Amino acid sequence: MENHGDHFHEAQYTDQNGVLQTTKIPVVQELARKGITNLPQRFITSPQTLSATTQVEVPTIDLLKLRVESDSSRYRELAKLAGAAKEWGMFLVANHGVHDSVLDSVKDVVMGFFGLSFEEKKKSVGSFMSVDNMGYGRNFVRSENQPLDWIDRMTMVASPVDDENLRVWPKKPHNFREVMVKYAEETQVIFSDLLQAMAEALSLDKNAFLQQFEPKRSEPDLAIGITPHSDASGLTLLIQFGANDGLQVLKDNKWLSPIWPQDMLLVNIGDLMEIMSNGKVTSSWHRATTSTNYERFSVAVFYNPPPDAEIEPMRGENSGEGMYKKVNVREYVKHYYKISPTVGKEAILYAKVV
Ligand SMILES: O=C(O)CCC(=O)C(=O)O
Ligand SMILES: [Fe+2]
């Protein structure tokens with residue numbers, strides 16, 4: 001038995017017989033802090049999940065151009081967006097308008113939180129376990145013997161910030177909440193603009209997607225290092241720091257490493273958008289690599305329709321055949337966490353018309 005010290009995350013999952021199980025998983029930051037020389041067996045993944053990648057330029061969308069009404073460069077940008085959403089499910093956003101000072105304070109509070117001792121982190125977040133990933137702990141736990149990602153994670157709901165959701169918000173650093181609420185607000189504007197632009201780019205009514213997201217909701221989610229997956233979200237907005245690379249996307253069966261300039265945000269299209277667009281846009285299959293030698297941070301804001309919403313694939317002239325059916329958002333997300341991680345893009349089959 002390997003000695004992982006006494007720092008564990010507790011995670012819950014439902015096993016094949018539908019029984020709720022609890023498992024203990026070593027805390028990655030604590031292992032790294034001890035300066036381990038051999039990776040514990042539970043963290044060793046199969047060689048193909050670590051296949052080499054090439055650096056690549058992913059499409060960059062200039063949000064300023066999208067925000068300027070009726071201009072020919074705006075139409076070019078819309079066409080680029082349609083292509084990126086269909087072919088990549090991923091793109092960079094330049095001129096996003098989020099002030100450096102906001103992004104810097106996000107980095108500060110995230111590093112501040114993860115910089116606390118394990119005991120302080122636990123205390124700061126309060127005890128809470130759930131199968132849908134909320135709180136400080138782990139990502140995608142489905143069984144006792146799956147390979148584990150080299151990651152610790154903090155996930156909370158940013159809208160609404162009510163008593164129920166606040167149970168898993170860190171109390172330290174003291175300004176964590178104020179900073180994250182502000183950042184989540186700023187991301188809303190970007191999400192709205194992108195959703196409207198995506199509808200326009202697909203020749204739909206401007207509000208075709210956006211209306212399915214009302215009232216607005218998002219989940220900032222602080223992550224380090226992660227196995228291949230698509231996001232369950234509508235759209236996801238990412239920043240990374242502590243490293244210049246790590247995120248990779250599968251395209252045409254090859255793993256590629258996007259060149260990600262620091263001043264840009266990165267968007268992943270999630271499964272719910274693929275469903276809503278009836279497959280006109282694609283959720284990206286992506287992963288992030290990390291190292292035992294340095295700390296990489298990423299902050300993901302998942303923008304989802306409200307959990308009670310029934311989302312529908314768009315209908316109309318351009319919608320094509322019915323590829324997807326109506327799904328309840330909460331049920332979809334529940335299904336997604338129940339079966340993840342998966343080898344391929346599997347969760348979305350739940351919503352496919354067969
Ligand atoms: O760390 C990253 O860059 C990716 C994180 C991610 O894919 C996620 O949180 O869903
Ligand atoms: Fe992701």
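The values are calculated or read from the model by the stated rules, or taken from the named source; none is laboratory data. Quick caveat: nothing in here was measured; it's all calculated off a predicted structure. So basically every Cβ, Gly included, is an ideal-geometry build from the backbone, and we count neighbours across all protein chains shown. Just so you know, the surface numbers come from the protein's heavy atoms only, side chains and all, with ligands and any DNA or RNA stripped out. Shrake-Rupley method; radii C 1.70, N 1.55, O 1.52, S 1.80 Å.
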Does GLY234 satisfy the criteria of being open to solvent by 20 Å² or more (accessible area, probe 1.4 Å) and either more than 9 Å from ligand 1 (Cβ to nearest atom) or within 18 Å of SER340 (Cβ to Cβ) (or both)?
no
Quick one: how many residues across the range 138-164 are open to solvent by 30 Å² or more (accessible area, probe 1.4 Å) and farther than 24 Å from HIS7 by Cα?
5
Sort out which residues of the range 196-216 are in contact (Cβ under 8 Å) with a residue 12 or more places away in the chain and either assigned to a loop (DSSP other than H, G, I, E, B) or closer than 17 Å to LEU238 by Cβ (or both), and write them in order of number.
LEU202, SER203, LEU204, ALA208, PHE209, GLU214, PRO215, LYS216
In the range 335-354, residues that are more than 20 Å from HIS286 (Cα to Cα), in contact (Cβ under 8 Å) with a residue 12 or more places away in the chain and open to solvent by 80 Å² or more (accessible area, probe 1.4 Å) total 0
Quick one: VAL267 ticks every box in (1) in a helix (DSSP H, G or I); (2) open to solvent by less than 30 Å² (accessible area, probe 1.4 Å) bar one, so which box is it?
(1)
For the range 62-76, what are the residues that are touching a residue at least 40 places away in the same chain (Cβ under 8 Å) and surrounded by 16 or more Cβ atoms within 10 Å (Cβ to Cβ)?
LEU63, LEU66
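So that you can scan it fast, the table gives a plain yes or no per residue for (1) closer than 19 Å to ASP152 by Cα; (2) in contact with a strand residue (DSSP E or B) (Cβ under 6 Å, 6 or more places away or on another chain); (3) among the small types (Gly, Ala, Ser):
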site	(1), (2), (3)
ARG296	yes, no, no
PRO305	no, yes, no
MET314	no, no, no
VAL343	no, no, no
Say we look at the range 230-279 and pick out the residues that are touching a strand residue (DSSP E or B) at 6+ places or on another chain (Cβ under 8 Å) and at positive phi; which of these is farthest from ligand 2 (Cβ to nearest atom)?
ASN278
Scanning the range 244-263 residue by residue, those among the hydrophobic types (A, V, I, L, M, F, W, C) and either assigned to a helix (DSSP H, G or I) or surrounded by 17 or more Cβ atoms within 10 Å (Cβ to Cβ) (or both) turn out to be LEU247, VAL249, LEU250, TRP255, LEU256, TRP260
Is it the case, given these coordinates, that TYR303 is more than 21 Å from ASP100 (Cβ to Cβ), among the aromatic types (Phe, Trp, Tyr) and more than 14 Å from ligand 2 (Cβ to nearest atom)?
no
Residue under question is TYR332, and the condition is that it be over 19 Å from the mean Cα position of the chain (by Cα), more than 14 Å from ligand 2 (Cβ to nearest atom) and among the aromatic types (Phe, Trp, Tyr); does it hold?
no
Within the range 135-158, track down each residue that is assigned to a loop (DSSP other than H, G, I, E, B), at pLDDT 80 or above and closer than 13 Å to ASP221 by Cβ.
ILE151, ASP152, MET156, VAL157, ALA158
Looking only at strands (runs of 3 or more DSSP E) that lie completely in the range 1-110, which have at least 1 residues being at pLDDT below 95 and of a type outside the set (Asp, Glu)?
8-14, 20-26, 54-56
Residues to consider are LEU166, LEU148; find the one that is within 20 Å of GLU295 (Cβ to Cβ) and either in contact with a Pro (Cβ under 6 Å, 6 or more places away or on another chain) or among the hydrophobic types (A, V, I, L, M, F, W, C) (or both).
LEU148
Quick check: anything in the range 271-289 near ligand 1 (Cβ under 10 Å from one of its atoms), farther than 30 Å from LEU64 by Cα, surrounded by fewer than 22 Cβ atoms within 10 Å (Cβ to Cβ) and modelled with pLDDT under 95?
yes
Please go through the range 165-174 and give me each residue that is among the aliphatic types (A, V, I, L, M) and crowded, with 16+ Cβ neighbours inside 10 Å, ordered by number.
VAL168
Report the residue count in the range 290-312 for those that are farther than 30 Å from LYS34 by Cβ, open to solvent by 10 Å² or more (accessible area, probe 1.4 Å) and outside any strand (DSSP E or B).
6
Test result for GLU331, of a type in the set (Asp, Glu), within 16 Å of ligand 1 (Cβ to nearest atom), within 28 Å of LEU148 (Cα to Cα) and not in a loop (DSSP other than H, G, I, E, B)
no
Check off (1) buried (at least 21 other Cβ atoms within 10 Å of the Cβ); (2) assigned to a loop (DSSP other than H, G, I, E, B) for TYR183 and give me the number that stays unchecked.
(2)
